[in-house]
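Data first, discussion second: the structure below is written as structure tokens.
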Amino acid sequence: ASLDAIEARDEKVQAFLQVSSDLALAAAAETDRLRAAGEKLGPLAGVPVAFKDNMHLVGTRTTCASKMLENYESTFTATCVQRMLDAGATPMGKANMDEFAFGSSTESSAFHRTNNPWDTERVPGGSSGGSAAAVAAGEVTISLGSDTGGSIRQPASLCGVVGMKPTYGAVSRYGVVAFGSSLDQVGPFGRSVEDVALAMNALTAAGRDPYDSTSQPCAVDFLEHLEDPVEGMRVGVVPALMEAAGLTTEVRAAVEGAAKALENAGAELVEVDLPNIKSAIAAYYVIAPCEAFSNLARFDGVRYGYQEEGCLSLAEQTSKSRAHGFGEEAKRRQMLGAYLLSSGVYDKYYYPAQQVRTLITQDYKRAYEQCDVILMPASPRTAFKFGEMSDPTQMYASDMFTISNNIAGNGGISVPLGLGAESHLPVSVQLQGPAFSDRKLLRFARAVE
Ligand code: GLN
């Protein structure tokens, strides 16, 4: 059924870079065999799942939507992917993304754009735009994405699906191509909070992954307590954020509606202050490019991926392979990182950015002494048109509500709230929680969905 849905809809949506029909049919046959033999089936048996194309899966290419890795065959399978397969999931293929996960619209994919299923003249968000669109279009039930500054929560918001960035370290990143290693986190998309909780169980049940040194055990049953009332619990709201420039009235109204709904369910609303959040984007666009520059140095035109032919020296080969293998935004990030880490410069930008990071983390710590979760927008606006954000700094502002959470390493989830009164496109709300309170976050998400 999933292959049929992809066949019928993906020409229009273009969520996939590669459909792994052979792997899908083999997994489905194995599920049938187990069922016929009366053996125990996994919790995701037969569930069609798509993976962002920065996740390795043997039998597929892992391109990161870059010409640099256009023909790169996965030589091993990422832990997050393997755990979904171990739970019985059916791998449908690899989803489109911004090149190396740099972006908020999937427009920087080297191969093709992905269209928002609600309006194909609009972006699906990014960088995990293909993963969000595949779920929104009903091509798959669950997908995985990665979120360094908002890349799960923002596309989930623009496509009207649930998207969760778990706490940093909750899900293994082994086998996921690194962008900003101190910020990257893998998480699921689904059409309901319950589906996302199911995926979280599959991703974490086997405990910590020794192959990712930042991974921590968080094997709780995410379905347990999902339906528990939120009565008597405290929900933080940040008045200054609701006045943020760029936040549209319809998104603001949706977030206020969600706050009201939680209040009606017996939760208490408390005002909290996150004074340093206003510097989050500035700090992120120092830290993330520095880490990206370091991580992407491995693409040297020798060991991985695209290799320019006919060069007379190693330096020429590396230089030309990188010049022709990377797209514009990937180059911008790496040049920025190289500059920011150069001598005489890093103490002016990199150190202060790390200090801001500490301040933001402390802001959250103080806030969570007063509340269980914090409610805020996920995206300042609904899906925008292709080409509308032509200035990169305008695009960077798409993550004004998501980035601070990656900086602090906490969990966050975007929950769809129907269509906006003006745009008639999906609007959403974001819930954030302290580190390793992901189960509680799902319970609040369930209460507002
Ligand atoms: N939009 C942000 C960026 O371009 C975040 C991307 C992400 O989370 N991967 O860096």
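Just a few scattered comments:
- Distance from the C-alpha centroid of segment 125-172 to that of segment 194-227: 17 Å, rounded to the whole angstrom.
- Along the chain, the exposed loop sites are trypsin sites (Lys or Arg not before Pro) outside DSSP states H, G, I, E and B with at most 12 other Cβ atoms within 10 Å, and the longest stretch free of them is 41-302.
- For segment 81-160, projected area of the alpha-carbon convex hull averaged over all directions, nm²: 5.0 nm²
- Segment 2-204 - percent relative contact order, Cα under 8 Å, separation 6 or more: 22 percent
- Distance histogram for segment 304-438 (every C-alpha pair counted, 10 angstrom bins, percent rounded to whole numbers): 10, 24, 27, 25, 11, 3, 0
- Of the DSSP H helices in the chain, those whose Cα atoms cover at least 20 Å axially and whose Kyte score averages 0.5 or more: 280-295
- Were the residues from ARG303 through ALA1 laid out at 0.36 nm apart, the gain over their Cα-Cα distance would be 104.8 nm.
- Bins of 20 Å from zero: percent of alpha-carbon pairs in the chain: 27, 59, 13, 0
- Its Cα centre serving as origin, segment 2-204 has a Cβ charge dipole (Lys and Arg +1, Asp and Glu -1) of approximately 360 debye.
- Rule-of-thumb Rg ratio for segment 37-144 [Cα; 2.2 N^0.38 Å; N residues]: 1.10
- Sparse packing (at most 15 other Cβ atoms within 10 Å of the Cβ) combined with a DSSP loop state is found for the following chymotrypsin sites (Phe, Trp or Tyr not before Pro) in segment 1-91: PHE76.
- Relative contact order (percent, whole number), segment 42-156, Cα cutoff 8 Å, 6+ residue spacing: 27 percent
- R0 of 22 Å, Cβ-Cβ distance HIS225-GLU263: FRET efficiency to nearest 0.05: 0.60
- Available extension along the chain between PHE76 and ALA28 is 15.2 nm, counting 0.36 nm per residue and deducting the alpha carbon span.
- Normalised by residue number, the volume inside the convex hull of the Cα atoms of segment 187-338 is 197 Å³ per residue.
- Residue by residue, segment 95-102 carries 3J(HN,Hα) couplings of 9, 5, 7, 5, 3, 6, 6, 8 Hz when phi is fed to the Karplus relation 6.51 cos²θ - 1.76 cosθ + 1.60 (θ = phi - 60°); x denotes Gly or Pro.
- In the chain, Cα pairs under 8 Å separated by at least six residues give a relative contact order of 18 percent.
- Among beta bridges identified by DSSP and lying wholly in the chain, the antiparallel ones come to about 65 percent.
- Between ALA245 and ALA205, the modelled label-to-label distance comes to 4.9 nm, taking each label 7 Å out from Cα in the direction of the beta carbon.
- Relative to one another, the C-alpha centroids of segment 1-57 and segment 349-385 are positioned 36 Å apart.
- Normalised radius of gyration (Cα atoms, divided by 2.2 N^0.38 Å) for segment 2-204: 0.91.
- Applying the criteria of a DSSP loop state and at most 15 other Cβ atoms within 10 Å to the GluC sites (Glu not before Pro) of segment 219-257 yields GLU224, GLU227, GLU231, GLU243.
Each reported figure results from applying straightforward, stated rules to the coordinates on display, with no laboratory input. As the structure is a prediction and not an experimental result, all values here were calculated from the model. Positions of Cβ are backbone-derived with ideal geometry, glycine not excepted, and every protein chain shown enters the neighbour counts.
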